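Read through the structure below, which is laid out as structure tokens, and then see the notes.
Bear in mind these aren't lab numbers, they're just calculated from the coordinates by the rules spelled out. Everything numeric here is computed off the predicted structure, so don't read it as measured data. Because the Cβ atoms are built from the backbone with ideal geometry, glycine has one as well, and the counts that use them run over all protein chains shown.
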Amino acid sequence: TLISDKKDFERSRKITDDLEQKYDLHPKDKKQGEAWQLSPVDASRSDLKKQVVGVVKPLATMYRFQSLSQYRALLSLYNIGVEKIEGSNQGHKYTGLVYSALDADGNRVGKPLKSSLFGKTYGVEALEQSMKKSGEEIKAGGQAAATKALVSASLAGSRTGSEFRADLQGKGIDLVLRRNDQGRLYGVTFIDHNSRTVLNGSALGKEFSANALGARFADFSTADREDLQAVSPVVTRESQYPIVQPTHDDKQPVTVKGYSGDDSPVGSLLSVLTPEPDQHGNDQPIPTKRKKKKWRYGRQV
């Protein structure tokens, strides 16, 4: 029996409208086409969990992104960090996402939140399916071409990286610079709020890549507080956090290699992550104790 898809668009539109209404993305007394804005997490408040959940749910559902690093870049705009963690304990393999609130300097604040608190729709498996679907939609829908046109116009009229960033923001596009722990620029991500699409600079064209923009703009060539992004963790000393090695490959998740006390923000992962079946079948070592370390994130201001 054939199932008609004549009203798929109307159904999709209604779902989006319901989400916008649920998360107050469109105030009732304003026109439907008017821009909406989510509020970044305020680390000084006590309701961090409520704030994080209130931002993650609409972003994960309504934006198109194709990789974990793109998802991190999107969340970093709202003072939220995310990591994929997997391993094994007593023969049980687990994999999951851990979200954290970030302060003004990009440091983790409060206890981490496992994705299962938000529901299965926001777990690892659902996220991977969403990223695959987003890639297909971006390729078919032509969003990249529209974003590229706006970015190209801003680039042509900008003398400095700061001017470039400001002009993009005026067009509804945020720029996220990704740097390694030495401060070297290795990636650029554009977040187009008009089409709710996240795109890497290199995917738009060579002139928008990290190398090209770093060579063009002197203020992009070196890291400063304004440029740092909540994308790659930098391991520093004297903290309660477990040792985690930075990774810039979305196919390689961050793997917890050790614990550092009962009060660790990740703590015993059995209390943070609900064990889930591993789809890859790769054996992971049981965590061992290491010296206390600290995760430090850069972020966009």
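Only Cα pairs under 8 Å and 6+ residues apart enter the sum, and on that basis the relative contact order of segment 142-221 stands at 24 percent. Each other residue within a Cβ distance under 12 Å of ASP192 adds +1 if Lys or Arg and -1 if Asp or Glu, for a net charge of +3.
Want the number for SER202 to SER46: 0.36 nm per residue separation, take away the alpha-carbon distance, what's left?
Working: separation 156, 0.36 × 156 = 56.16 nm, distance 3.94 nm.
Answer, rounded to one decimal: 52.2 nm.
Using the Kirkwood radius over Cα pairs, work out the Stokes-Einstein diffusion coefficient for segment 142-221 at 37 °C and 0.692 mPa s, in µm²/s as a whole number. Stokes-Einstein gives a translational diffusion coefficient of 265 µm²/s. At q = 0.20 Å⁻¹ the log10 of I(q)/I(0) for segment 165-210 amounts to -0.65, computed by Debye summation with a single uniform scatterer per C-alpha, solvent ignored. Working from label points 7 Å from Cα in the Cα-to-Cβ sense, the ALA156 to ASN194 distance is 1.4 nm.
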